[in-house]
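Taking it in order: structure first as structure tokens, then the write-up.
The values are calculated or read from the model by the stated rules, or taken from the named source; none is laboratory data. Fair warning: this is a prediction, and the values are worked out from it, not measured in the lab. In case anyone asks, the SASA skips ligands and DNA or RNA and just uses the protein heavy atoms, side chains included. Shrake-Rupley method; radii C 1.70, N 1.55, O 1.52, S 1.80 Å.
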Amino acid sequence: MKLYEFQGKEIFKKYGIPVQSGFLIHKNDEVKNLTPPLVLKSQVLAGGRGKAGGIKIWDGNTDVSKTINDLFTLSIQGEKVKAILALEKVDILREIYLSITFNKGKSTPVLIVGTAGGIDIEKSAKLNKEKIYFIEFDPFLGILEYQIRFVAKKLDIDNYLEFKNIIRTVYKIFKEYDATLVEINPLAITPHGLVAIDSKVNLDDQASFRHQALFQKLEEEKKLIKDKEDSNTSEPTDDTITFVPLSGNIGVISDGAGTGLLTLDLISDFNGRVASFCELGGITNSEVMLKALKLVNGYSSLKSILVVLIGGFNRMDDMAEGIIKFKKELKNDIPIFIRMCGTKEEIGKQLMRFEHIPVYNNLYEAAEKAVKEARGN
């Protein structure tokens, strides 16, 4: 799950990382009595908002309402702006880049720091590799003192203790929230100390069962943003689902990326070929399931559909309702094979059986039957 900037900064503030004071503006909010200067930042999950004009500085010499309305008209990489974070402007002496993520090749955590932060960090990483430092570390030992001293010296950090505390706090957030990325870009050096100017936090959807209250809160905040923009929220947005078209004849839907990849491997082991792969994202509902099935169903080569559900926070009765609605709306005759377990699974399975839709407890069995159906066996 990707978090909006304001959500990430709430976590930073909770853990004591310095952030600017500010407030959230929703579309159609009445804006008055604002004190300049303010930084107005579009709240989108897509990157590159600075270059796309999604960040404005209001100095008090123009109509702030017009500036805010202009931001709400933007579409950044296809994503509409649905909220704006208004922040106090700080005096930035220098910017640095700081993040913790995983080295995907080794599955080990890595601290990444750079001598320059901001919107061109990706460009800097390619052109000035000597200014970007990758520090891999043992997750059991954490980031060691000498490693922090090394990067502090390379970045010419004066306030070492504050810098060290922020790095260790970022790693604490990374661990305790089961994150795949915690990024501060930029971490600003100001006359009053270090300040996290931006936040980027990605959480592992597969760990949602350990953070059910948190995931529910974050989803409710995202829903509130969408509700403010459009009262009709029953239809899921395109960014809810990850859809990958392929060239086979089996449609695959999964409520988690890890489980989905395992399913793809199993289909390959059974000599099957996947027509498309659809990952539902984090917390989902029956409407998202319905939309996913419609996406997968849009291929003439389709012979069977395999739905793999492991409900941590997601309710299996909701998933069942989406599948049943799909069968009734489209009168679809493509065989659907479902592996279902988790929250409310007995109710979900009962609903499936009532509609004569096969449900399996064993993923291997479900995958094998979906492949056999697609091959005409």
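Against the globular-protein guess of 2.2 N^0.38 Å, express the Cα radius of gyration of segment 94-221 as a ratio, rounded to two decimals.
Numbers: Rg = 15.0 Å, N = 128, 2.2 N^0.38 = 13.9 Å.
Normalised Rg, Cα atoms only: 1.08.
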Next on the checklist: Apply the a/c threshold of 1.5 to the C-alpha gyration tensor of segment 1-92 and tell me whether it is rounded, prolate or oblate.
Outcome noted: oblate
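Could you tell me what percent of the accessible area of segment 242-375 is made up of carbon and sulfur, with a 1.4 Å probe and every protein chain present?
For segment 242-375, the apolar C and S fraction of the accessible surface comes to 50 percent.
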Next on the checklist: With a 1.4 Å probe and all protein chains left in place, how much accessible area per residue does segment 242-375 have, in Å²?
Outcome noted: 44 Å²
Next on the checklist: Could you tell me the relative contact order of segment 1-86? Use alpha-carbon pairs under 8 Å, at least six residues apart, and round to a whole percent.
Outcome noted: 36 percent
Next on the checklist: From Cα pairs below 8 angstrom and at least 6 apart in sequence, can you work out the relative contact order of the chain, rounded to a whole percent?
Outcome noted: 13 percent
Item to check | Two-decimal Rg/Rh across the chain, once Rg and the Kirkwood Rh are taken from alpha-carbon atoms | outcome: 1.02
